[in-house]
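Please read the structure below before turning to the comments.
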Amino acid sequence: MRYEEIVHRCFRCGYCKLAGDYSDFNCPAYRKFMFETYSPGGRMWLIRAWLNGDIKNSERFQEILYSCATCANCVEHCVFTFSEDLVNIFIAAREELVSTGIIPPPVRDYFKNISISGNPYKEPAEKRGQWAEGSLVEEYKDQEYLFYIGDVGSYDERGKKIAKAVGNLLIKAGLSIGILANKEMCDGNEVKVLGEAGLFEYLAEGNISLFKEKGIKKIITLDPHSFNAFKNDYPEFGGVFEVYHYTQIMAPLMESGKVPLKDLTLRVTYHDPCYLGRHNGEYDAPRRILQSIPGIDFIEMEQSRDNAFCCGGGGGNFFTDILGGGEESPNRIRVKQSLQTGASIIAVACPQCAKMLDDAVKVEELEDKVEVLDIAEIVGRAMA
Amino acid sequence: MSEILKALAEIVGENYVSYQPEELFFYSRDPGLMPANKPDFVALPKTSVEVQEIIRLAKREKIPIVPMGAGLALTGLVIPLKGGIVVDMKRMNKIIEVNEKARYAVVEGGTSQGFLKSYLEKNYPRLRHSIPDAPPAATIASNVIIHGQGRLTQQYGFNSDMVCGLEVVLPSGEICNIGSSSISSDWFSKGAPLPDLSGLFLGWFGTTGIITKVGLRLYPKKKMRDVEIFVTDNENLVPDMVYEITHTEMIEDVLIFTQPLPMMFKDNHHVSFYLTGDTDEEIEFKRKMVWKALEGFIKSKDGGFMSIPPAMKGSLLEMPQTSASRLADVKKGGGFEYSGPIISVERYPECSRKLVEMSLKYDLAYSGMVRIIGRGHSMMFGFAFTFNRADADMMDRTKKALEEISYYVLDIGGVYWKPTVAEQKIAIERMDPNTRHLMRTVKDVLDPDGIMNPGNWEVY
């Protein structure tokens with residue numbers, strides 16, 4: 001297994017499962033299950049036990065490995081020099097499971113759907129660009145930027161609305177963007193983190209080839225998960241592009257006043273997506289946008305930035321739902337954390353987070369108290 | 001077995017009980033060197049009543065029960081030596097009360113050191129507790145049950161001395177309040193003016209009951225904190241230095257470290273002491289007092305103050321010190337273990353020489369970590385060795401070194417702190433027979449069925 005030489009080095013001290021100020025457990029899987037085995041340290045010890053033959057691949061072991069949201073709280077807070085590799089180690093262990101062919105059925109189905117349909121929703125490619133109908137966004141020809149949407153923005157009902165809001169905002173801000181529509185392929189970020197390295201390689205090479213064929217040099221992504229794959233993983237396969245999350249492009253434009261806005265009297269808090277924040281260090285751009293909107297009363301959650309509590313959708317859990325369900329599911333905890341700020345809006349910058357938190361608001365029956373909106377949707381309201 | 005599982009699921013909920021191989025593997029060991037032994041079940045209670053129900057079940061079925069905090073003692077105290085139910089307490093992590101003016105907190109039995117620290121910083125910035133240098137996941141109850149030490153130990157003694165009340169579920173299943181809270185709604189004392197019954201539980205490693213609430217004294221938190229290090233290459237002078245420093249009564253905490261790496265530390269003994277104050281003047285006054293107290297050693301060229309680089313100072317001022325955990329990976333192997341006897345400060349010179357001798361004999365990387373307890377009334381001398389978990393030979397050598405040290409420290413007047421089962425047996429053998437008999441009597445009365453963390457403190 002990749003990283004096998006590191007696995008025994010975990011002391012199981014537990015820094016990994018805490019927030020940086022120790023105020024609470026901040027590992028979403030541990031927070032839900034509360035057995036030490038579901039903490040990053042527990043996972044390390046069990047991976048070693050599995051490699052040594054002390055335990056076998058079982059449904060429980062699979063649940064332990066696949067409930068990791070790859071949120072990187074452990075990477076942020078582990079005190080050892082190998083901390084950077086913690087999530088990589090969990091992904092490597094998943095790869096080993098995949099190589100045995102014995103994996104949780106939702107993970108197997110996810111791979112199957114990507115392989116057959118090119119997306120987890122089993123929808124035809126022709127529907128990929130349908131979200132853009134009635135928007136200002138056009139297909140990519142020779143625009144400056146490719147606006148890459150990803151599976152959730154392309155097919156999920158909530159995701160599609162966000163894609164439209166972001167697309168319209170980028171156009172209104174004067175950016176030259178185009179989408180690949182039905183030619184767009186899955187970025188593969190979740191394929192990789194779920195442990196199908198071969199399929200990820202296939203997707204990465206396919207995307208890189210397509211981008212190069214189209215002469216694409218600059219990419220704006222809707223989804224931080226796509227942003228992560230393009231920025232951090234594609235270079236290994238020869239895909240070096242100028243990659244931005246849409247908030248990074250919009251922040252300076254909003255601050256410059258290029259987008260005229262009216263007052264929006266709202267108390268807003270912001271949920272950091274793990275793949276924008278901890279994985280890529282971008283904490284400021286979304287906040288800069290929100291703070292550029294006149295009238296917004298922006299308030300941080302106690303658990304924010306590198307201490308943000310994951311919505312539970314990362315690591316493929318958005319699709320597999322291995323971490324979801326029950327009062328202690330991370331999205332429900334996160335929504336309750338946001339309520340403590342008194343905000344009426346939870347701003348997000350990721351369609352997966354939006355959907356996860358939306359679901360939690362509904363389950364908690366908090367629709368009259370708080371609304372989950374993508375930053376672009378909030379800006380859209382201020383522009384209206 | 002399935003009946004017990006069903007009963008446990010009814011008590012804690014089916015999501016919070018396990019008999020799966022993964023949990024049985026993990027909860028059969030701690031990060032130290034003690035041999036593993038599997039529990040039959042792991043249960044995660046949420047309330048004192050659930051703990052009570054688990055104990056009643058264990059009593060009825062005559063199965064062992066092992067309470068667990070974060071499992072960080074390293075000496076195997078949470079390893080279920082005779083199987084049974086491991087009760088992981090960490091779902092019970094609420095801070096129930098902070099009485100600001102009476103300076104105490106009441107927390108549930110699974111509340112971590114880190115939670116309380118963070119809570120006080122946010123809500124009561126003028127209060128603090130004696131946080132140990134164990135990782136912040138370590139729980140308050142498990143720390144006091146092993147007579148842990150912390151940042152205020154030089155001033156106020158063992159962390160268990162700072163307990164101001166307990167709620168305990170007895171092996172009979174009764175929930176019992178200890179201290180002022182047994183009569184009053186206020187948790188200001190664990191004993192006085194009543195008979196102090198806390199001694200029936202503190203230091204007993206869960207063999208006499210499970211602590212479900214802890215009252216803990218809080219202390220003034222000053223606005224500023226600084227650290228100084230006085231270095232000497234003469235270990236014989238360290239007890240005198242400690243005597244002078246503690247005599248000033250100006251100090252928060254006194255730690256001593258000696259280690260071979262980096263080279264600047266080799267063969268030296270670093271007496272680090274912490275200063276606190278609300279103003280620069282206060283800190284400077286205290287600093288001057290301590291400097292004056294150590295003047296003689298400087299004049300005789302036996303010691304001097306070390307200039308502390310900013311990064312090192314930052315690390316030393318951390319609470320808890322993350323460097324204490326990082327020691328585990330010095331050999332890129334994720335392990336360290338120490339024998340930490342409580343012993344007279346006068347024994348520092350021979351302990352430090354023994355540490356070096358053992359490291360050479362067993363070819364191990366070492367660190368001497370010392371915390372002064374009270375005004376030099378005793379010290380915890382940590383004979384610490386790091387090991388590589390993937391190197392069986394190194395682990396074996398570490399075990400042997402620690403076993404040899406076990407006998408050594410008793411011979412020079414030390415008493416084991418959080419002893420392994422083997423050390424407990426040695427201690428019991430050497431104990432005054434009447435004391436041993438009293439311990440046996442206490443155990444027989446409280447836990448006649450021998451279900452509570454069996455294997456530990458077994459007195460025959």
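Please find, among B:Lys38, B:Lys46, the residue that is open to solvent by 20 Å² or more (accessible area, probe 1.4 Å), in a loop (DSSP other than H, G, I, E, B) and more than 17 Å from B:Glu10 (Cα to Cα). Give the steps one after another, and end with the answer.
Numbers: B:Lys46 fails: more than 17 Å from B:Glu10 (Cα to Cα).
B:Lys38 is the lone residue from the list that is open to solvent by 20 Å² or more (accessible area, probe 1.4 Å), in a loop (DSSP other than H, G, I, E, B) and more than 17 Å from B:Glu10 (Cα to Cα).
Can you pull out the residues in segment B:114-133 that are hydroxyl-bearing (Ser, Thr, Tyr) and within 13 Å of chain A (Cβ to nearest Cβ)?
Of everything in segment B:114-133, those that are hydroxyl-bearing (Ser, Thr, Tyr) and within 13 Å of chain A (Cβ to nearest Cβ) turn out to be B:Ser118, B:Tyr119.
Name the residue, out of A:Asp374, A:Asp306, A:Asp297, that is open to solvent by 30 Å² or more (accessible area, probe 1.4 Å) and in contact with a helix residue (DSSP H, G or I) (Cβ under 6 Å, 6 or more places away or on another chain).
Exactly one of A:Asp374, A:Asp306, A:Asp297 is open to solvent by 30 Å² or more (accessible area, probe 1.4 Å) and in contact with a helix residue (DSSP H, G or I) (Cβ under 6 Å, 6 or more places away or on another chain), namely A:Asp306.
Return the total of residues in segment A:44-63 being open to solvent by less than 10 Å² (accessible area, probe 1.4 Å) and either touching a Lys or Arg at 6+ places or on another chain (Cβ under 6 Å) or more than 10 Å from every other protein chain (Cβ to nearest Cβ) (or both).
Matching residues across segment A:44-63 total 1.
Could you tell me which of the residues B:Asn143, B:Asn177 is part of a strand (DSSP E or B), open to solvent by 10 Å² or more (accessible area, probe 1.4 Å) and outside the structural domain of B:Ile63 (by TED's automatic domain parsing)?
On the way: B:Asn143 fails: part of a strand (DSSP E or B).
Going through B:Asn143, B:Asn177 in turn, just one is part of a strand (DSSP E or B), open to solvent by 10 Å² or more (accessible area, probe 1.4 Å) and outside the structural domain of B:Ile63 (by TED's automatic domain parsing): B:Asn177.
Might you check whether a residue that is open to solvent by 30 Å² or more (accessible area, probe 1.4 Å), at pLDDT below 95 and under 24 Å from the mean Cα position of the chain (by Cα) occurs anywhere in segment B:251-272?
Among the residues of segment B:251-272, at least one is open to solvent by 30 Å² or more (accessible area, probe 1.4 Å), at pLDDT below 95 and under 24 Å from the mean Cα position of the chain (by Cα), which makes the answer yes.
Go over the candidates B:Glu61, B:Glu22, B:Glu53 one by one and state the one that is acidic (Asp, Glu) and facing another protein chain (nearest Cβ under 10 Å). Give the steps one after another, and end with the answer.
Values: B:Glu61 fails: facing another protein chain (nearest Cβ under 10 Å); B:Glu53 fails: facing another protein chain (nearest Cβ under 10 Å).
Checking each option against the conditions leaves just B:Glu22.
Against the condition under 24 Å from B:Asp30 (Cβ atoms) and open to solvent by less than 40 Å² (accessible area, probe 1.4 Å), how does A:Leu97 come out, does it pass? Walk me through it before giving the result.
Details: under 24 Å from B:Asp30 (Cβ atoms): no; open to solvent by less than 40 Å² (accessible area, probe 1.4 Å): yes.
No; evaluated as a whole, the condition is false for this residue.
Here are the criteria: (1) assigned to a helix (DSSP H, G or I); (2) facing chain B (nearest Cβ under 8 Å); (3) more than 25 Å from the chain's Cα centre (by Cα); (4) more than 22 Å from B:Thr322 (Cβ to Cβ). Tell me which single one A:Thr37 does not satisfy.
(3)
Is there a residue being under 24 Å from the mean Cα position of the chain (by Cα), open to solvent by 20 Å² or more (accessible area, probe 1.4 Å) and within 20 Å of A:Lys231 (Cα to Cα) anywhere in segment A:154-162?
No, that holds for no residue.
I'd like to check which helices (runs of 4 or more DSSP H) are fully inside segment B:279-350 and have at least 3 residues that are within 14 Å of chain A (Cβ to nearest Cβ) and surrounded by 14 or more Cβ atoms within 10 Å (Cβ to Cβ). If you could, list the steps in order and put the result at the bottom.
Working: elements: B:280-299, B:310-317, B:322-326.
Per the criteria, B:322-326.
Would you mind stating whether A:Gly14 is outside the structural domain of A:Gly206 (by TED's automatic domain parsing), open to solvent by 30 Å² or more (accessible area, probe 1.4 Å) and small (Gly, Ala, Ser)?
The answer is no for A:Gly14.
State yes or no: is B:Leu81 within 21 Å of the chain's Cα centre (by Cα), over 13 Å from A:Glu36 (Cα atoms) and within 11 Å of chain A (Cβ to nearest Cβ)? Show your work before the answer.
Working: within 21 Å of the chain's Cα centre (by Cα): yes; over 13 Å from A:Glu36 (Cα atoms): yes; within 11 Å of chain A (Cβ to nearest Cβ): no.
Here the answer is no, as B:Leu81 does not meet what is asked.
Would you check which residues across segment A:317-353 are within 17 Å of the chain's Cα centre (by Cα) and surrounded by fewer than 22 Cβ atoms within 10 Å (Cβ to Cβ) and list them?
Once the filter is applied, which keeps residues that are within 17 Å of the chain's Cα centre (by Cα) and surrounded by fewer than 22 Cβ atoms within 10 Å (Cβ to Cβ), segment A:317-353 yields A:Phe319, A:Asp321, A:Gly324.
Hey, can you tell me all the residues within segment B:386-440 that are within 14 Å of chain A (Cβ to nearest Cβ), small (Gly, Ala, Ser) and surrounded by 14 or more Cβ atoms within 10 Å (Cβ to Cβ)?
Within segment B:386-440, B:Ala390 is the sole residue that qualifies.
Go through segment B:107-124 and count every residue that is within 27 Å of B:Ser184 (Cα to Cα) and either open to solvent by 10 Å² or more (accessible area, probe 1.4 Å) or in a strand (DSSP E or B) (or both).
Narrowing segment B:107-124 to residues within 27 Å of B:Ser184 (Cα to Cα): B:107-113, B:115-117, B:119-120, B:123-124.
Checking the rest, the ones that are also either open to solvent by 10 Å² or more (accessible area, probe 1.4 Å) or in a strand (DSSP E or B) (or both) come to B:107-108, B:112, B:115, B:117, B:119, B:123-124.
Adding up the residues that qualify gives 8.
Return the only residue of A:Tyr148, A:Tyr121 being closer than 18 Å to A:Leu199 by Cβ and touching a residue at least 12 places away in the same chain (Cβ under 8 Å).
Working: A:Tyr148 fails: closer than 18 Å to A:Leu199 by Cβ.
Checking each option against the conditions leaves just A:Tyr121.
In this structure, does B:Ser172 turn out to be free of Cβ contacts under 8 Å to residues at least 60 places away in the same chain and not in a strand (DSSP E or B)?
Values: free of Cβ contacts under 8 Å to residues at least 60 places away in the same chain: no; not in a strand (DSSP E or B): yes.
For B:Ser172, the condition - free of Cβ contacts under 8 Å to residues at least 60 places away in the same chain and not in a strand (DSSP E or B) - is not met.
Need pairs with beta-carbon distance below 6 Å; first residue within 14 Å of chain B (Cβ to nearest Cβ) and within segment A:72-99, second surrounded by fewer than 20 Cβ atoms within 10 Å (Cβ to Cβ) and not in a helix (DSSP H, G or I); sequence gap 6+ or separate chains.
A:His77/A:Gly20; A:Asp85/A:Tyr3; A:Ile89/A:Tyr3
Output the number of residues of segment B:188-233 satisfying the condition of being in contact (Cβ under 8 Å) with a residue 40 or more places away in the chain, open to solvent by less than 20 Å² (accessible area, probe 1.4 Å) and assigned to a loop (DSSP other than H, G, I, E, B).
Number satisfying all stated conditions: 9.
Can you find, within segment B:86-106, the residue that is farthest from B:Ser180 (Cα to Cα) among those that are within 14 Å of chain A (Cβ to nearest Cβ) and open to solvent by less than 10 Å² (accessible area, probe 1.4 Å)?
Within segment B:86-106, the subset within 14 Å of chain A (Cβ to nearest Cβ) is B:86-95.
Narrowing the set further to residues that are open to solvent by less than 10 Å² (accessible area, probe 1.4 Å) leaves B:86-90, B:92.
On the way: B:Val86: 30, B:Val87: 27, B:Asp88: 27, B:Met89: 24, B:Lys90: 26, B:Met92: 22 Å.
Per the criteria, the residue is B:Val86.
Do you know which residues across segment B:409-460 are farther than 20 Å from B:Leu74 by Cα and assigned to a loop (DSSP other than H, G, I, E, B)?
Listed by number, the residues that qualify are B:Ile412, B:Gly413, B:Met431, B:Asp432, B:Asp447, B:Pro448, B:Asp449, B:Gly450, B:Ile451, B:Val459, B:Tyr460.
Which of (1) exposed (fewer than 14 other Cβ atoms within 10 Å of the Cβ); (2) closer than 27 Å to B:Phe381 by Cβ is the odd one out, the single condition B:Val242 does not satisfy?
B:Val242 satisfies every listed condition except (1).
Answer yes if at least one residue in segment A:24-34 is at the interface with chain B (Cβ under 7 Å from one of its Cβ atoms), open to solvent by less than 10 Å² (accessible area, probe 1.4 Å) and part of a loop (DSSP other than H, G, I, E, B), and no otherwise.
no
The values are calculated or read from the model by the stated rules, or taken from the named source; none is laboratory data. In this text the structure is predicted, and so the values were computed from the model without any measurement. Because the Cβ atoms are built from the backbone with ideal geometry, glycine has one as well, and the counts that use them run over all protein chains shown. Please note that ligands, DNA and RNA were not included when accessible areas were found on the heavy atoms of the full protein model with its side chains. Shrake-Rupley method; radii C 1.70, N 1.55, O 1.52, S 1.80 Å.
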